[in-house]
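A.B. asks: For reference, the structure I am asking about is given below.
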Amino acid sequence: MPTSPLRFDDLGDGPTVLLIHGFPLCRRMWQPQLRTLRAAGWRGIAPDLPGFGASPPGEKPWTMDRYADELVLLLDDLGLERVVVTGMSMGGYVLMNLLEHYPRRVAAAVFVATRAAADDAAGRERRTRLAEAALTERTEEVVAGFETVLFAPATVRRRPELVGQVRAWMEQTDPRGLAGGLLAMRDRPDFLEKLAGFDLPALVVAGEEDQAVGTEHYRALLEGLPLAEGCLLPRGGHLVNLECEEDFNRCLVDFLDRLPQG
């Protein structure tokens, strides 16, 4: 009997890559990568975290620990002992939790547009305020607050259809999922001092024009992770995997194909 309620896409055959979406998004953000992974001989699994996309929010208050636990249940259901894990933004926070609590389940790590540092006081206050807005049916405040920082300025001008699609994903998110994700991010631990202990192959990807996570966080991950290599993409914003799809996919597949198999 399956134990995880998470909805997910599963595409391709071969070694497996688990792709964890960012906030306030869903598994659909990984569609270009799933197709590329399949073509390159990899299996891609992209779940919706609890309360996002098609996954039910559940009743418990969510934390990064609990998101990680749910993903491990999904891997157990699928009979997958060890996978490469890719985490974008909030998904990167979940990835760090997996590395801390389930290190044997992660064969290699790909950090996308994320940071190791915890929120400062102003950041925590902002997340609290937005969580309150989500729970009082003012989800537009959450959507508007994040839409402004998801894309590089040029993307907004040149690709309005992408901006509209991502906005639709955000608007369809369950308010309980929005609030749960905001509070989980607010209360997440600081991992800067723990990066040195994550001694596995790692790729760090960022966009040079990311307005949500500055390039100083990209550099901190590169410097802190013992076996990390980097890929900083020009003209990329926070949603670098969609804004710079071809370059992102090239970096990802090149990294994956150089990993030791088995």
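A.B. asks: Suppose we keep only residues that are free of Cβ contacts under 8 Å to residues at least 60 places away in the same chain and under 16 Å from PHE248 (Cα atoms) within the range 32-53. Which one would you say is farthest from the chain's Cα centre (by Cα)?
C.D. replies: Once the filter is applied, the top-ranked residue is ALA39.
A.B. asks: Name the one entry in GLU137, GLU141 that is free of Cβ contacts under 8 Å to residues at least 12 places away in the same chain and more than 20 Å from the chain's Cα centre (by Cα).
C.D. replies: Criteria check complete, one pass: GLU141.
A.B. asks: So which residues in the range 198-220 are small (Gly, Ala, Ser) and within 14 Å of LEU95 (Cβ to Cβ)?
C.D. replies: ALA202
Okay, residues lined up against (1) loosely packed, with under 13 Cβ neighbours inside 10 Å; (2) under 20 Å from GLN211 (Cα atoms); (3) modelled with pLDDT under 95:
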{"position": "MET90", "(1), (2), (3)": "no, yes, no"}
{"position": "VAL112", "(1), (2), (3)": "no, yes, no"}
{"position": "ALA116", "(1), (2), (3)": "no, yes, no"}
{"position": "ALA134", "(1), (2), (3)": "no, no, yes"}
{"position": "THR139", "(1), (2), (3)": "no, no, yes"}
{"position": "GLU147", "(1), (2), (3)": "no, yes, yes"}
{"position": "LEU162", "(1), (2), (3)": "no, yes, no"}
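A.B. asks: Collect the residues in the range 234-257 that are over 17 Å from the mean Cα position of the chain (by Cα) and in contact (Cβ under 8 Å) with a residue 24 or more places away in the chain, keeping them in residue-number order.
C.D. replies: Passing the criteria: PRO234, ARG235, VAL253, PHE255, LEU256, ASP257.
A.B. asks: What do you reckon, is ALA179 among the aliphatic types (A, V, I, L, M) and either farther than 20 Å from HIS238 by Cα or surrounded by fewer than 18 Cβ atoms within 10 Å (Cβ to Cβ) (or both)?
C.D. replies: yes
A.B. asks: For the range 19-131, please list each of the helices (runs of 4 or more DSSP H) lying entirely inside it that holds at least 3 residues being touching a Lys or Arg at 6+ places or on another chain (Cβ under 7 Å). Spell out the reasoning first.
C.D. replies: Values: elements: 31-39, 64-77, 90-101.
Filter on the range 19-131 gives 64-77, 90-101.
A.B. asks: I would also like to ask the following. Restricting the range 118-132 to residues that are closer than 27 Å to PHE198 by Cβ and surrounded by 15 or more Cβ atoms within 10 Å (Cβ to Cβ), which is farthest from the chain's Cα centre (by Cα)?
C.D. replies: Only one residue tops the list, namely ARG124.
A.B. asks: Inside the range 47-70, can you point out the residues that are crowded, with 17+ Cβ neighbours inside 10 Å, over 23 Å from ASP190 (Cβ atoms) and out of contact with any Cys (no Cβ under 9 Å at 6 or more places or on another chain)?
C.D. replies: Answer for the range 47-70, where residues must be crowded, with 17+ Cβ neighbours inside 10 Å, over 23 Å from ASP190 (Cβ atoms) and out of contact with any Cys (no Cβ under 9 Å at 6 or more places or on another chain): PRO47, PRO50, GLY51, PRO57.
A.B. asks: Let me ask something additional. Pull out all pairs, ordered by first then second residue, where Cβ-Cβ is under 7 Å, the residues are six or more apart or on different chains, the first lies in the range 147-174 and is touching a residue at least 12 places away in the same chain (Cβ under 8 Å), and the second is exposed (fewer than 15 other Cβ atoms within 10 Å of the Cβ).
C.D. replies: Between residues of the range 147-174 that are touching a residue at least 12 places away in the same chain (Cβ under 8 Å) and residues that are exposed (fewer than 15 other Cβ atoms within 10 Å of the Cβ), the close pairs are VAL149/GLN211.
A.B. asks: Additional query: Select from the range 4-26 the residues that are out of contact with any His (no Cβ under 9 Å at 6 or more places or on another chain) and within 21 Å of LEU239 (Cα to Cα) and list them in ascending order.
C.D. replies: PHE8, ASP9, VAL17, LEU18, LEU19, ILE20, HIS21, PHE23, PRO24, LEU25, CYS26
A.B. asks: So for the range 238-247 (the condition being outside any strand (DSSP E or B), in contact with a Leu (Cβ under 9 Å, 6 or more places away or on another chain) and more than 20 Å from PHE151 (Cα to Cα)), does at least one residue qualify?
C.D. replies: Looking through the range 238-247, none of the residues is outside any strand (DSSP E or B), in contact with a Leu (Cβ under 9 Å, 6 or more places away or on another chain) and more than 20 Å from PHE151 (Cα to Cα).
A.B. asks: Okay, next question. Just give me the residues in the range 75-91 being touching a strand residue (DSSP E or B) at 6+ places or on another chain (Cβ under 6 Å) and touching a residue at least 60 places away in the same chain (Cβ under 8 Å), in sequence order.
C.D. replies: If the condition is that a residue be touching a strand residue (DSSP E or B) at 6+ places or on another chain (Cβ under 6 Å) and touching a residue at least 60 places away in the same chain (Cβ under 8 Å), then LEU80, VAL83, VAL84, VAL85, THR86, GLY87, MET88, GLY91 are the ones that fit.
The values are calculated or read from the model by the stated rules, or taken from the named source; none is laboratory data. Everything numeric in this text was worked out from a predicted model, so none of it was measured. Reconstructed Cβ throughout: ideal geometry from the backbone, glycine too, with neighbour counts over all protein chains shown.
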